[in-house]
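Chemist: Got a structure for you, questions after.
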Amino acid sequence: MTDEEREILELFCKRVDEVAKSSIYKDGGREISLNLKGDAKGNVALSMSVPDKEVLLSLVTKLRQFYMPKESIYFRKVYNIVWKHLSSASEEEKECAKSAMATFKQITEVGWFEFRFNNVKLTPKDIIDIWFNGNIFHADKTRVKQFELLAASNLGPFVEYQFISTICDLAGLMTYFGSFIRARLLK
């Protein structure tokens, strides 16, 4: 392993430790729930419990560096370094790494719900892009408009829930992968 690769893995693990300190992560996501109640008459009630905005913003800010492709500790870059150095690892260790990548794809590309807004499918990656670039970090005109339209629509609470649950799932995955890296490569 090169010195640069080791530095990247060490930084990844250091930043994972910061994510693990988040109250949302420590709480196991119990602050997050989405409830739908209906009756035979067709009445539907929606309630949602989400973390405090400042707590969520803190976690999102920490997780952004694992998610953005230009960052040195972007998950896929770190994964590629890890995979490169698992050639002599057991099949079980290789399967753990493969499972982490499969989980990353499930969380970001597929998600747990399918959303269609104006007949356009929105993946979790799309939702993160809209939130990051139209609400949290940037003010891209197109993304701001999309964010405002989604927030005002009847899908708004569901999209917000998808965003928050995706962020929490990413936090869990990064923490798992940081532990894997420490145990297998940074002994």
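The values are calculated or read from the model by the stated rules, or taken from the named source; none is laboratory data. Keep in mind it's a predicted model, so treat the numbers as computed, not measured. Ideal geometry is used to build each Cβ from the backbone, glycine not excepted, and the neighbour counts take in all protein chains shown. All accessible areas refer to the heavy atoms of the entire protein, side chains included, with ligands and DNA or RNA removed. Shrake-Rupley method; radii C 1.70, N 1.55, O 1.52, S 1.80 Å.
Chemist: Residue by residue through segment 55-95, note down the ones that are farther than 16 Å from residue 177 by Cα, out of contact with any helix residue (DSSP H, G or I) (no Cβ under 6 Å at 6 or more places or on another chain) and of a type in the set (Asp, Glu).
Modeler: Answer for segment 55-95, where residues must be farther than 16 Å from residue 177 by Cα, out of contact with any helix residue (DSSP H, G or I) (no Cβ under 6 Å at 6 or more places or on another chain) and of a type in the set (Asp, Glu): just 91.
Chemist: Which one of these does residue 115 not meet: (1) open to solvent by 40 Å² or more (accessible area, probe 1.4 Å); (2) in contact with a strand residue (DSSP E or B) (Cβ under 6 Å, 6 or more places away or on another chain)?
Modeler: Failed condition: (1).
Chemist: Kindly indicate the residue of segment 48-58 that is aliphatic (A, V, I, L, M) and under 16 Å from the mean Cα position of the chain (by Cα) and also nearest to residue 135 (Cα to Cα) among those meeting that condition.
Modeler: 57
Chemist: Across segment 138-187, what is the total count of residues that are of a type in the set (S, T, N, Q), open to solvent by 10 Å² or more (accessible area, probe 1.4 Å) and either on the phi > 0 side of the Ramachandran plot or under 13 Å from the mean Cα position of the chain (by Cα) (or both)?
Modeler: Result for segment 138-187: 2.
Chemist: Residues in segment 99-118: is at least one over 17 Å from the mean Cα position of the chain (by Cα) and modelled with pLDDT of 90 or more?
Modeler: no
Chemist: If we scan segment 102-110, do we find a residue that is among the basic types (Lys, Arg), under 22 Å from residue 5 (Cα atoms) and without any contact (Cβ under 8 Å) to a residue 60 or more places away in the chain?
Modeler: Within segment 102-110, the subset among the basic types (Lys, Arg) is 105.
Keeping just the survivors that are under 22 Å from residue 5 (Cα atoms) gives none.
Looking for residues that are among the basic types (Lys, Arg), under 22 Å from residue 5 (Cα atoms) and without any contact (Cβ under 8 Å) to a residue 60 or more places away in the chain, one finds none in segment 102-110, hence no.
Chemist: Can you go through 20, 45 and tell me which one is within 21 Å of residue 162 (Cα to Cα), more than 22 Å from the chain's Cα centre (by Cα) and either loosely packed, with under 12 Cβ neighbours inside 10 Å or modelled with pLDDT of 80 or more (or both)?
Modeler: From the options 20, 45, the qualifying one is 45.
Chemist: If you don't mind, another one. May I ask you to list pairs of residues, at least six apart or on different chains, whose Cβ atoms are under 6 Å apart, with the first in segment 171-187 being modelled with pLDDT under 90 and the second being open to solvent by less than 20 Å² (accessible area, probe 1.4 Å) and basic (Lys, Arg)?
Modeler: Close Cβ pairs (under 6 Å, with a partner that is open to solvent by less than 20 Å² (accessible area, probe 1.4 Å) and basic (Lys, Arg)) do not exist here.
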